[in-house]
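Shown next, in structure tokens, is the structure this report addresses.
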């Protein structure tokens, strides 16, 4: 039985109080529902000495319309997002694909956007990591996925991020120096260890989605089982059609194959100005899979995941016809 390490648990009632706690305790971490953080602590992947819970801070949960768009509080549960008619389809599908009903009832939007990267060499018990030797993310000097490289290739495992990117969402971060807003696409770095630009002492408070009239979007997820598992591959797609039936705007993002969500820019450029015929779908899916560089650091083989990238892009586009 894996037990949590000893830590201090704090429950601030305001954002200002939470920021003070994070500032005064260098070894602290923010926690919402903790559905990812606490299991990682049990495996001793992360060892915060203090958890600053934001669960009691008012105003961080809920979905509301704003200037034609939608604002989702960071503490809004994935269940509520999946059931909301105000949220674009891609985000509803992504939220509804996470974990199990029990997890979605407690897991939060902010937590899923900030979920840690995963790898088969780090997401195991401490005994297994000691047996094989520490990888880069565990404090070692080698990446067991790509031993000749100097980068950690743990993969981004957030389902919401690809979907949020294709609908043009942004996040609000509040820190000791004030607040800032940035696109979800700019929230991540291509580094399995330092994978977010959000500082340790910043708190993600909300997600803003611009007006999406006429934008069709979807999200598809590949995983070993039909529920519970983290993604092996996630594909989010969004299209807007012109009056003549050609594609006016296209966004495609692949998740769970690299340390950050991967935008298929070449595929987007290829689609704009074309009609979504079977031939165009087939060509677009092949283009999307070309830059995909998979490693054997997740369930199933790397070649299979690269092959499925093209398959899932084609399926997503067909849903948007």
Per the 1/(1 + (r/R0)^6) rule, R0 = 22 Å and r from the Cβ atoms of residue 194 and residue 8, FRET efficiency to 0.05 is 0.30
Can you compute the modelled spin-label distance between residue 105 and residue 274, with each label point 7 Å from Cα toward Cβ, in nm? 4.6
For the residue pair residue 249 and residue 43, what label-to-label distance in nm results when each label sits 7 Å from Cα along the Cα-to-beta-carbon direction? 3.8
What whole number of Å gives the distance from the Cα centroid of segment 257-313 to the Cα centroid of segment 194-256? 14
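Quick check on packing: order 3-12, 201-210 by the mean number of other C-beta atoms within 10 Å, highest mean leading.
Highest mean packing first, the order is 201-210, 3-12.
Convex hull volume of the Cα atoms in segment 175-308, per residue, in Å³?
Each residue corresponds to 145 Å³ of Cα convex hull volume.
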In the chain, how does Rg compare with the Kirkwood Rh, expressed as the Rg/Rh ratio over alpha carbon atoms? 0.97
Using only helices, what value at 222 nm comes out for the chain when you add -39,500 (n - 2.57) per DSSP H run of length 4 or more and divide by the total residues, to the nearest 500 deg cm²/dmol? -7500 deg cm²/dmol
Compute the angle between helix 15-24 and the longest alpha-carbon principal axis of the chain, please, reported from 0 to 90 degrees and rounded to the nearest 10. 60
Taking 8 Å as the Cα distance limit and 6 or more residues as the minimum spacing, I'd like the relative contact order of the chain as a percentage. 15
Distance in nm between pseudo-label sites at residue 126 and residue 286 (7 Å out along the Cβ direction from Cα): 5.2
What length, rounded to one decimal in nm, is gained on full extension from residue 181 through to residue 227, with 0.36 nm per residue of separation minus their alpha-carbon distance? 13.3 nm
With just the Cα atoms defining each centre, how far is segment 9-53 from segment 66-135? Give it in Å. 17
What's the Kirkwood radius of segment 1-58 in Å, using all Cα pairs? 11.7
Normalised by the empirical 2.2 N^0.38 Å for globular proteins, what value does the Cα Rg of segment 1-143 take? 1.19
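Laboratory data are not the source of any read-out in this text; all were calculated from the coordinates shown. As the structure is a computational prediction, the values presented were derived from the model and not from experiment. A quick note on method: Cβ atoms are made from the backbone with ideal geometry, for glycine too, and the neighbour counts reach across all protein chains shown.
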